[in-house]
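Asker: To start, I am sharing the structure in question, which I have written as structure tokens.
The values are calculated or read from the model by the stated rules, or taken from the named source; none is laboratory data. Just so it is clear, the structure is predicted and the values come from calculations on it, not from any experiment. Quick reminder, even Gly has a Cβ in these numbers, built from the backbone with ideal geometry, and neighbours come from all protein chains shown. For the accessible areas, the whole protein counts, side chains as well, though only heavy atoms, and no ligand, DNA or RNA atoms are used. Shrake-Rupley method; radii C 1.70, N 1.55, O 1.52, S 1.80 Å.
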Amino acid sequence: MSELIARVGGSVGAFDRAEWDALAGGNPFVSHAFLTALEDSGSVGEGTGWQPVPIVVSRGEDGPLLAAMPAYLKSHSQGEYVFDHAWADAYERAGGRYYPKLQIAAPFTPATGPRLLLSDEALAGPLLGAAEQLCGQNGFSSAHATFIDPAQAPLFEDAGWLTRRDIQYHWFNRGYDDFPDFLGALSSRKRKDLRKERRAAQSRVRIARLRGADIRPEHWDAFWIFYQDTGARKWGSPYLTRQAFDLFHERMGDRLMLVLASLDGEPVAGALNFIGEDALYGRYWGCTRDIRFLHFELSYYQAIDAAIELGLSRVEAGAQGQHKLARGYEPVATLSAHWIADPGFRAAVGDFLERERAGVALERNYLEDRLPFRKG
């Protein structure tokens, strides 16, 4: 029997789609379609600071893929949503070189999912070992796996990687029949607040949820304008190119849901969601008109409506945002894992993470006490 071989590719597109997706499961953001859309659209690759270096394990050079990880050589820390700028600054001031680093992630996507795509959990060790070896041979300071599926955390910890916790806000479907049924689980005051917000937003615009072939080129043109506006305000420039949205539609249109709001027949706001096996992932939002409560309606309430209709268990609404708490989205822990080459720097990061973990736990307890649900 051939021995296991780990190798680094220049793109996810270099690997067979069926073999990759057999390992990726139902998470849309580690699918061959999503990752190659980023590559083929120029959203990652030369000049972006996100150079694809996927790592795979097979039995022999020509054997089918047994394990894989989406990995990128990074020359900055933008587009990650787990901020390590302070680590980079500290290491540089101490005389080290933080960049380049290895990022194991779905680019620009703060959504939980598998980062080790495995046919057998026993292959986690060889896969992570290959990532460490890649860093060591090339003098990379570190490797970072972000927004990992909590079920995979032990695989990283067993390999000696440091783990970090943060907080996101997810909505959970507890068998609700419809949105009013969900409202019934909230306190009286919160129910009134949400009804008021929905009425106010819906009274100004016409809202449509579009999927697959119902999303036409003019809808993407409008959404591109919304996305550019949000990207310019949040990040300075958009991460995705215009072509990325066309390729998402072409390659995974059945897994997209575009929520558009129109005023007098003209699109004025939109929110793009990706549909997973058991979750709806809210990803991008933007607008050209400032209409009160419209962000909440398109990004949060329409997502809840859709998740209930589709029988999905949760909505992941992206990074940050305590305002989601009042709208029924609950604080959950998110996890990242980190391998640091320099022993002294690793010890310093480990000490920081220990102290940070205590603070995150306190914050989560504080937030859970302020959930809008009825007591008892």
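Asker: Between the range 146-204 and the range 326-376, what is the separation of their alpha carbon centroids in Å?
Answerer: Between the Cα centre of the range 146-204 and that of the range 326-376, the gap is 16 Å.
Asker: Same structure, new question: Using only the alpha carbons of the range 238-306, determine the length spanned along each of the three principal axes and report them from longest to shortest in whole angstroms.
Answerer: Over the range 238-306, Cα extents along the principal axes are 33, 27, 23 Å.
Asker: I would also like to ask the following. Hydropathy first: keep DSSP H helices in the chain averaging at least 1.0 on Kyte-Doolittle, then drop any whose Cα extent along the axis falls short of 20 Å, and list what survives.
Answerer: none
Asker: Moving on to the next point. Provide, in order from the shortest bin, the percent of all Cα-Cα pairs of the range 306-363 in each 5 Å bin, continuing until the bin that contains the maximum pair distance.
Answerer: In whole percents, the pair-distance histogram is 4, 12, 18, 17, 15, 11, 10, 7, 4, 2, 0.
Asker: Sort all Cα-Cα distances of the range 55-98 into consecutive 5 angstrom bins from zero, then give the percent of pairs in each bin up to the one containing the longest distance.
Answerer: All Cα pairs, binned at 5 Å, distribute as 5, 18, 16, 14, 11, 10, 12, 9, 5, 0 percent.
Asker: With r as the distance between the Cβ atoms of Arg17 and His76 and R0 = 35 Å, compute the FRET efficiency 1/(1 + (r/R0)^6) and round to 0.05.
Answerer: 0.75
Asker: Moving to a separate point now. Could you point to the residue in Ala86, Gly160, Ser142 farthest towards the positive end of the range 28-180's charge dipole, with +1 and -1 charges on the Cβ of Lys/Arg and Asp/Glu respectively?
Answerer: Ranked along the dipole, the leading option is Ala86.
Asker: So between Arg292 and Ile167, what do we pick up on full extension, going 0.36 nm a residue minus the alpha carbon distance?
Answerer: Contour length minus Cα-Cα distance gives 42.3 nm.
Asker: Summing +1 for each Lys or Arg and -1 for each Asp or Glu, what net charge is found among the other residues whose Cβ lies under 12 Å from the Cβ of Asp246?
Answerer: 0
Asker: What share of all Cα pairs of the range 278-376, in percent, falls into each consecutive 10 Å distance bin?
Answerer: Going from the shortest bin to the longest, the percentages are 12, 33, 29, 19, 8, 0.
Asker: Let me ask you something else. Roll a 1.4 Å probe over the protein chains and send me the accessible area per residue for the chain in Å².
Answerer: 43 Å²
Asker: Which whole number of Å³ per residue matches the convex hull of the alpha-carbon atoms in the chain?
Answerer: Taking only Cα atoms, the chain has a hull volume of 146 Å³ per residue.
Asker: For Thr241, list long-range residues whose amide hydrogen, built 1.01 Å from N in the peptide plane, is under 5 Å from its own amide hydrogen.
Answerer: Excluding prolines and chain starts, which carry no amide H, the hits are Ser43.
Asker: Per residue Cα convex hull volume for the range 25-67, in cubic angstrom?
Answerer: Roughly 94 Å³ of hull volume per residue.
Asker: Suppose each label sits 7 Å from its Cα in the direction of the beta carbon; what would the Glu354-Gln202 distance come out to in nanometres?
Answerer: That separation, rounded to one decimal, is 5.3 nm.
Asker: Can you give me the three principal axis dimensions of the range 48-192 from its C-alpha atoms, in Å, biggest first?
Answerer: Principal-axis extents of the Cα atoms in the range 48-192, largest first: 60, 44, 30 Å.
Asker: Using the Kirkwood formula over every pair of different C-alpha atoms, what hydrodynamic radius in Å results for the range 206-271?
Answerer: 12.3 Å
Asker: I would also like to ask the following. Of all accessible surface on the range 210-365 at a 1.4 Å probe, what whole percent is carbon and sulfur?
Answerer: 49 percent
Asker: Would any residue of the range 192-223 have its amide N under 15 Å from a label point 7 Å out along Cα→Cβ of Glu309? List them or say none.
Answerer: Within reach of a label on Glu309: 206-215.
Asker: Taking a temperature of 4 °C and a viscosity of 1.567 mPa s, what whole-number D in µm²/s does Stokes-Einstein yield for the range 162-279 with Rh from Kirkwood over alpha carbon pairs?
Answerer: 76 µm²/s
Asker: For His323 paired with Glu250, estimate the spin-label separation in nm (one decimal), with each label point 7 Å from Cα along the Cα-to-Cβ line.
Answerer: Reported label-point gap for His323 and Glu250 is 3.6 nm.
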